[in-house]
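The values are calculated or read from the model by the stated rules, or taken from the named source; none is laboratory data. Given the structure is predicted, the values throughout are model-derived calculations rather than measurements. Here the Cβ positions follow ideal geometry from the backbone for every residue, glycine too, while neighbour counts run over all protein chains shown.
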Amino acid sequence: MLDAILWGLIQGLTEFLPVSSSGHLVLIPALLDREGPDLATTAMLHLGTLAAVVVYYRTDLAALAKFDRPARRLITLLVIGTIPAAILGFIFKDAVADLVEDPGMVAIMLIVTGLVLLATELLRIGDKRITNIGPLDSLITGLAQALSLIPGISRSGMTISAGLVRGVGRQEAAHFAFLLGIPVIAGAGLLETVEFLGSGESITAEVWVSVGVAAVSGYAAIAFLIRLLGRIGLAPFGIYCVSAGAFASFLL
């Protein structure tokens, strides 16, 4: 049960804060010399964070369901941004699975995430809003999201940084990044759930605890980041990623 709470908390907080959930779910078990979350927990953790982002952006999703002109435009942008991760995830699925078994490389990728976050702080902050985002902006953000298939590379960190590079404001970049993450998180959760159900195992009470903790902590992480991003930027998260990655590299 303590493991269930730990994995749910790690997944919920690090899925949306720009510090890499996949990296933490590899490095923390390695540093503690214990087994990481099993297939059932991993699959359900994604569903927990999916619930968090769906509930937080329920108003946006309800607007998309109207399928009027603004909704169709945003849906098109989200589809464009989702394609790179879907294609590359299918092609490099086995290679990504191999990287999960290499905590040392994951630690290095976490340092890379931190350096990218720190580099974006050197950019002039733009004022472009979601309503001004174009297909090229969405494609570039989607390519950045595809990089997060590598364990240790933060999905939210890469997509927010890509938005900043394209002149999108910090909070608007995060807003678009989280909406763009919904199909990817849903896809990952669905694939892992199908694989898990095919194994014939059952969902235990501990797994449901993980889901609940991931959902609640994920919602809190989104609210925290959106509220403070305009004031603190990405630098504190960049410093954390570089420090945590270097610390893990040293110990491992």
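Taking the criterion of being of a type in the set (S, T, N, Q), part of a helix (DSSP H, G or I) and within 16 Å of T113 (Cβ to Cβ), the residues of region 1-44 that qualify are T14, S21, S22.
For region 222-252, the set of residues classified as of a type in the set (G, A, S), at pLDDT 90 or above and surrounded by fewer than 17 Cβ atoms within 10 Å (Cβ to Cβ) consists of A223, A235, S243, A246, listed by residue number. Show me the helices (runs of 4 or more DSSP H) entirely contained within region 45-101 in which 3 or more residues are closer than 21 Å to L25 by Cβ, touching a residue at least 12 places away in the same chain (Cβ under 8 Å) and aliphatic (A, V, I, L, M). Once the helices (runs of 4 or more DSSP H) in region 45-101 are filtered for at least 3 residues that are closer than 21 Å to L25 by Cβ, touching a residue at least 12 places away in the same chain (Cβ under 8 Å) and aliphatic (A, V, I, L, M), what remains is 93-100. Screening L136 against (1) over 29 Å from A244 (Cβ atoms); (2) part of a loop (DSSP other than H, G, I, E, B) leaves a single unmet condition, (2).
Is it true that L122 is part of a loop (DSSP other than H, G, I, E, B) and either of a type in the set (D, E, K, R) or surrounded by fewer than 18 Cβ atoms within 10 Å (Cβ to Cβ) (or both)? Yes.
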